[in-house]
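The values are calculated or read from the model by the stated rules, or taken from the named source; none is laboratory data. Worth saying up front: this structure is predicted, and the values here are computed from it rather than measured. Here the Cβ is made from the backbone with ideal geometry for all residues, glycine too, and neighbour counts use every protein chain on show. The area values use the complete protein model at the heavy-atom level, side chains included, leaving out ligands, DNA and RNA. Shrake-Rupley method; radii C 1.70, N 1.55, O 1.52, S 1.80 Å.
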Amino acid sequence: MTTGKLPWVVFILLLAFAIAYVTSTASQLPPMVASHFDMSGYPNAFMTRSHYTRFILGFAIGLPVAIVALLTWVYSGARDFKLPNRDYWLAPERLPRTRSILIAHGVWFGSLLVAMICFVHWLELEANRQASPQLSNHWVSVGLLVFFLITAGWIIILLGAFRLPRGR
C-alpha cells in the first residue's frame, strides 16, 4: 500500500468532493429533513435542512479529519506498537518506515470514512425524495456490507504490510 503522497492526495480530494457533493445537493432536501430512521426505515427524527447540512458536513469532514489527525499524531511519535514481527519493524533503522506505513493506512481509513458518509448522505437524499420519507434497508445493508468488506480488506493489507521480508 502506498505510503507517499497518494493517500493524502486521495483523502484531500475526497474531502473536497464531500463538501461539493453535500453543498450542491442540500437544496434537493425538503425544509424539514427526515434525518433518523427506525429499523423498518421509517423516520423518527427530523431537523431543518440547514441544520442537517451543517451536521452532515461536520460529520463527513470532521470525523475523518479528527481520526486521521489523531492517528497521525499517535503514530508519528510512538516508539512501541503491537505489530506482527514487531522486533523487526520496530528496529531503529525501520521505525520511520513503520510509522509511515501506519500513518498511510490511517489516511486510507479516513478516506473510506468520507466515502461512507457521502453514501449515507445519498441515502438521506433518496429517502427524503419520497412523499413519505423512507430509508431503503436494502441500500443500507449493501452499504454496510461493502464498508465492512473493505475494512476487513484494509486490516488484512495492514497486517500483511508487517510481514517479514523474504529471506529473513
Exercise. Inspect all residues belonging to segment 123-130 and state whether any of them is modelled with pLDDT of 95 or more, more than 22 Å from residue 151 (Cβ to Cβ) and not in a helix (DSSP H, G or I).
Key: yes
Exercise. May I ask you to list the residues in segment 41-53 that are assigned to a helix (DSSP H, G or I) and out of contact with any strand residue (DSSP E or B) (no Cβ under 9 Å at 6 or more places or on another chain)?
Key: 50
Quiz item: Which residues, taken from segment 59-115, are among the basic types (Lys, Arg), modelled with pLDDT of 90 or more and in a helix (DSSP H, G or I)?
Solution: 97, 99
Quiz item: Considering only segment 117-168, how many residues are under 30 Å from residue 96 (Cα atoms), open to solvent by 30 Å² or more (accessible area, probe 1.4 Å) and among the β-branched types (Val, Ile, Thr)?
Solution: 4
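Given the structure, is residue 59 under 16 Å from the mean Cα position of the chain (by Cα) and of a type outside the set (Gly, Ala, Ser)? Talk me through it step by step, then tell me what you get.
Values: under 16 Å from the mean Cα position of the chain (by Cα): yes; of a type outside the set (Gly, Ala, Ser): yes.
In short, yes.
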Self-check item: Where residue 56 falls short, out of the listed (1) open to solvent by 70 Å² or more (accessible area, probe 1.4 Å); (2) outside any strand (DSSP E or B)
Solution: (1)
